[in-house]
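What follows is calculated from the coordinates using simple rules that are stated; it is not laboratory data. Computed from a prediction, not measured in an experiment: that's the story for all the values here. Because the Cβ atoms are built from the backbone with ideal geometry, glycine has one as well, and the counts that use them run over all protein chains shown.
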Amino acid sequence: MLHIKILGPGCHNCRRLEAHTREALAAEHLDAEVEKVEDITHIMAYGILRTPGLVIDGKVVLSGQVPTPDRIAEILRAYAGAN
């Protein structure tokens with residue numbers, strides 16, 4: 001199971017990233033735990049300079065952008081295949 005964190009204070013782009021991530025997970029039939037991290041102290045611990053951020057299994061895979069669900073699916077496939 002993948003452990004995914006959506007980093008962001010709850011802005012529009014943060015909500016879009018969460019929606020796109022959930023859509024990609026459903027399309028790929030992947031099992032994942034998705035957690036929203038809105039506390040700025042916890043977000044800063046990941047070292048990202050811009051939100052939203054996407055963390056998979058403890059690794060920041062993107063920040064400051066909202067890719068399409070298809071692009072997120074590509075990223076998820078790479079991580080699911082590595083586990």
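What to note about this one:
- Taken over the Cα atoms of the stretch 1-49, the convex hull encloses 72 Å³ per residue.
- Convex hull of the chain built on C-alpha atoms - directionally averaged projected area, nm²: 4.6
- Since only His42, Gly64, Ala78 are under comparison, the one whose Cα sits farthest along the positive direction of the charge dipole of the stretch 2-80, derived from C-beta charges on Lys, Arg, Asp and Glu, is Gly64.
- Summed side-chain charge close to His20 - residues other than His20 whose Cβ falls under 13 Å, Lys, Arg +1, Asp, Glu -1: -1
- Counting only alpha carbon atoms, the long axis of helix 12-28 and the longest principal axis of the chain meet at about 10°.
- Cβ-Cβ FRET estimate between Arg77 and Glu35, R0 fixed at 22 Å, reported to 0.05: 0.60
- Pairwise label distance in nanometres, His42 with Arg22, each label 7 Å out on the Cα-Cβ vector: 1.7
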